[in-house]
Amino acid sequence: MISLDHVSVSFGGLKAVNNVSFDIPSGRITGLIGPNGAGKTTLFNAIAGHVPVTSGRVLLEGADITKLKPHERAALGLARTFQIPHEFSRLSVLENFMAAAAAPLGENVLNVVFRRSRFLAEEEAVTRAARQTVRFLELDRVSDEKAGNLSGGQKKLLELGRALMRAPKIVLLDEICAGINRTLLAKIADKIKELNTGRQLTFCLIEHDLDYVSKLCDNVVVMAQGEVLTRGSAAEVRRDERVIEAYFGGGKYEGRA
Amino acid sequence: MEWTGLFFYLVSFLIASGIYAILCLALNIQWGMGGLFNAGIAGFFAVGAYASAIMTTAPSDKHLGGFGMPVPVGLVAAAVLAGLAGWAVAKICVRLKSDYLAMASIGIAEILRLVIVNAERVTNGSLGIAGIPRPFDGWVQGRAADLLFLGFVWVIVAAAYVVSQRLHDSPWGRTLRAIRDNEAAARAAGKDVERFRLQTFVIGCAIMGVAGGLTAHEFKFLSPAATEPLMVTFLVWVMLMAGGSGNNKGAIAGGLGIWAIWSMTEILTNQLLPPEWITRSSYIRILLIGLLLQFVLQKFRSGLIPEASPPIRFKGD
């Protein structure tokens, strides 16, 4: 479980995230929605450690991880994807997945120069997992292509695949579905559900498609202007007047969004 | 007689280009695989050159030591001291983004070189260190010794190539290339970016130090003039870009090819230019190399032998 305890993130004078507190409960799929500029991605960056919080705490299974570096948080089982694809552009698709895996023996510089037999078993397992990920995401045809040459949608799939290669406990998915065809979208939704029920993986996903969010998430948090507006089941928040206002303007939030 | 002259011109050409090939391999680890813009090659090269010279020369009152050690000991000292210098620089600036690292590394390398020039009691300043031995000195004389030294240099080129290749074709190298391509994503994938960069910088600088040591043994005399950034830093960058950044074979090819062009421009400028221009010929050669770099960057941006992903070790599922 991730707990956010009065988290704020400021960039200069701009309060991107303002005093946000909520839990991402274990074994659940939590949706994070809100209009553009609501602070959703910044909040993800703060949870994963890519931007420092100005105040407040981030807790993972009760332990304070606010001061940990991103790679240390990743080692604790936290994985995230990026809204704007961050592919390893000159690596092949297969290599992107392999590079995302944990490979402590093969990443030891003395092993790779002097004791090469030590990491072969690990490397074989990494290769097998990467090939499975390629097949699952239907990237077989571009498996050996440099990731920089992929289409926008394919890069999104690459993001998802790399997160799954981490064998994580908690996955933060930032608009993973934008630009992906409908058949594959349904397949990804099924996979998320399967990982959630089968392996008890915890997900938190930012998505703009409310139908998709309703289908997947048992628990939705709505953000607007850096603050939590409301939370509840998908059906509840869709009926909430304030959510409609925040998305479509009018009333309290007019002119400020 | 003409032919033996040509032959030994070729020998000295291959010695010098072998040393450049080692420098290119080292820069390829740092820039080609790691994306670290080291613009201070000359500084680490100088540390290695002076370390090996001081370790291997006979005792002298003009400079520190010498300690009269065998050449391989000198080269190990060169690698260790240049690697330590690299570690210190990396500790300070490895968090910097590539262009800022370039500026910082130029500055620090120049500081290293100036310290060497001015620390007269250690290095004998601008007068330099004389009487630097070669490996196997006394076994053979004259030009046969050049041949032996050529073999020695290319054994080290081969060793540097094997190390570079193992680094490249490994999970370590893959992670390094991933960090080069996207730092934030590498961090999100649990990679300790600072640790990889530190290792990369130290390994590259240590190999640059060995190249510096070899240069000292090649000329048997070492003065600050041998560590000019133009001939060490700038030319090595041209070589790696032309040969193929990210590819170890490209790095060696770039060292050989650009050194061949550089040597030929010397013949050209000396033969073709009017006598009153000869004194300025070195500047014209630099201009020619600069033009060549422009051409390479415009037309062959990935170099003669472009970067390629290593083969996947395990097939099937």
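Output the residue which, of all residues in region A:37-61 that are out of contact with any strand residue (DSSP E or B) (no Cβ under 8 Å at 6 or more places or on another chain) and in contact (Cβ under 8 Å) with a residue 60 or more places away in the chain, is farthest from A:THR197 (Cα to Cα). Applying the filter and picking the extreme gives A:GLY37.
For region B:238-254, which positions are over 14 Å from B:GLN165 (Cα atoms) and either within 14 Å of chain A (Cβ to nearest Cβ) or free of Cβ contacts under 8 Å to residues at least 24 places away in the same chain (or both)?
Taking region B:238-254 first, the residues over 14 Å from B:GLN165 (Cα atoms) are B:238-244, B:253-254.
Result: B:GLY244, single match.
Kindly indicate which of A:VAL93, A:VAL17 is in contact (Cβ under 8 Å) with a residue 12 or more places away in the chain and touching a strand residue (DSSP E or B) at 6+ places or on another chain (Cβ under 6 Å). On inspection, the qualifying residue turns out to be A:VAL17.
Residues of region A:112-121 that are more than 8 Å from chain B (Cβ to nearest Cβ) and either assigned to a helix (DSSP H, G or I) or under 17 Å from A:ARG162 (Cβ atoms) (or both): A:PHE114, A:SER117, A:ARG118, A:ALA121. Among the candidates A:ALA38, A:ALA46, which residue alone is crowded, with 23+ Cβ neighbours inside 10 Å, within 14 Å of the chain's Cα centre (by Cα) and aliphatic (A, V, I, L, M)? Being crowded, with 23+ Cβ neighbours inside 10 Å, within 14 Å of the chain's Cα centre (by Cα) and aliphatic (A, V, I, L, M) holds for just one of A:ALA38, A:ALA46, which is A:ALA46.
Restricting attention to region B:89-110, the residues that are assigned to a helix (DSSP H, G or I), touching a residue at least 40 places away in the same chain (Cβ under 8 Å) and more than 19 Å from B:VAL47 (Cα to Cα) total 4.
A search for C-beta distances below 7 Å between a residue of region B:262-281 that is over 25 Å from B:VAL232 (Cα atoms) and at pLDDT below 80 and any residue that is of a type outside the set (A, V, I, L, M, F, W, C) and surrounded by 12 or more Cβ atoms within 10 Å (Cβ to Cβ), counting only pairs 6+ apart in sequence or on different chains, returns B:LEU273/B:SER281. Can you find a residue that is closer than 25 Å to B:LEU176 by Cβ, out of contact with any Lys or Arg (no Cβ under 7 Å at 6 or more places or on another chain), charged (D, E, K, R) and not assigned by TED's automatic domain parsing to the domain that holds A:ALA46 anywhere in region A:134-149? Yes, that holds for at least one residue. Screening A:GLU87 against (1) assigned to a loop (DSSP other than H, G, I, E, B); (2) among the acidic types (Asp, Glu); (3) more than 8 Å from every other protein chain (Cβ to nearest Cβ) leaves a single unmet condition, (3). Within this structure, B:GLY65 fails the test of being at pLDDT 95 or above, surrounded by 16 or more Cβ atoms within 10 Å (Cβ to Cβ) and in contact with a Ser or Thr (Cβ under 7 Å, 6 or more places away or on another chain).
Does B:THR200 satisfy the criteria of being at the interface with chain A (Cβ under 7 Å from one of its Cβ atoms) and either under 19 Å from A:PHE82 (Cβ atoms) or of a type in the set (S, T, N, Q) (or both)? Considered against the rule, which asks whether it is at the interface with chain A (Cβ under 7 Å from one of its Cβ atoms) and either under 19 Å from A:PHE82 (Cβ atoms) or of a type in the set (S, T, N, Q) (or both), B:THR200 comes out as no.
The residue that is farthest from A:LEU78 (Cα to Cα), among those in region A:95-110 that are more than 8 Å from every other protein chain (Cβ to nearest Cβ) and not in a loop (DSSP other than H, G, I, E, B), is A:LEU110. Select from region B:268-289 the residues that are touching a helix residue (DSSP H, G or I) at 6+ places or on another chain (Cβ under 8 Å) and not polar (S, T, N, Q) and list them in ascending order. Listed by number, the residues that qualify are B:LEU273, B:TRP277, B:ILE278, B:ILE284, B:ARG285, B:ILE286, B:LEU288, B:ILE289.
Among the candidates B:PHE8, B:PHE37, which residue alone is outside any helix (DSSP H, G or I), surrounded by fewer than 24 Cβ atoms within 10 Å (Cβ to Cβ) and out of contact with any Pro (no Cβ under 8 Å at 6 or more places or on another chain)? Can you show your working first?
Details: B:PHE8 fails: outside any helix (DSSP H, G or I).
Step by step, each of B:PHE8, B:PHE37 is checked, and only B:PHE37 is outside any helix (DSSP H, G or I), surrounded by fewer than 24 Cβ atoms within 10 Å (Cβ to Cβ) and out of contact with any Pro (no Cβ under 8 Å at 6 or more places or on another chain).
Right, A:GLU72: among the acidic types (Asp, Glu), in the same structural domain as A:ALA16 (by TED's automatic domain parsing), without any contact (Cβ under 8 Å) to a residue 24 or more places away in the chain and in a helix (DSSP H, G or I) or not? In short, yes.
Name the single residue, out of those in region A:132-180 being among the small types (Gly, Ala, Ser) and in a helix (DSSP H, G or I), that is farthest from the other protein chains (Cβ to nearest Cβ). Steps first, answer last, please.
Restricting attention to region A:132-180, the residues satisfying the condition of being among the small types (Gly, Ala, Ser) are A:143, A:147-148, A:151-153, A:161, A:163, A:167, A:178-179.
Pick out the ones that are also in a helix (DSSP H, G or I) and you get A:147-148, A:152-153, A:161, A:163.
On the way: A:ALA147: 8, A:GLY148: 8, A:GLY152: 16, A:GLY153: 18, A:GLY161: 11, A:ALA163: 8 Å.
Ranking the qualifying residues of region A:132-180, first place goes to A:GLY153.
Checked against (1) more than 14 Å from the chain's Cα centre (by Cα); (2) at pLDDT 95 or above; (3) surrounded by fewer than 19 Cβ atoms within 10 Å (Cβ to Cβ), A:PHE11 passes all but a single condition, namely (2). Within region B:213-249, the set of residues being of a type in the set (Gly, Ala, Ser), within 22 Å of B:LEU36 (Cα to Cα) and touching a Ser or Thr at 6+ places or on another chain (Cβ under 9 Å) comprises B:GLY244, B:SER245, B:GLY246.
Taking the criterion of being surrounded by fewer than 16 Cβ atoms within 10 Å (Cβ to Cβ), away from chain A (no Cβ under 14 Å) and of a type in the set (D, E, K, R), the residues of region B:263-317 that qualify are B:GLU266, B:GLU276, B:ARG280, B:LYS299.
Taking the conditions (1) buried (at least 19 other Cβ atoms within 10 Å of the Cβ); (2) modelled with pLDDT of 95 or more in turn, B:PRO135 satisfies each one other than (2). For region A:34-68, a tally of residues being under 14 Å from A:VAL17 (Cα atoms), of a type in the set (A, V, I, L, M, F, W, C) and part of a strand (DSSP E or B) returns 1.
The values are calculated or read from the model by the stated rules, or taken from the named source; none is laboratory data. These numbers were taken from a predicted model, which means no experiment stands behind them. Ideal geometry is used to build each Cβ from the backbone, glycine not excepted, and the neighbour counts take in all protein chains shown.
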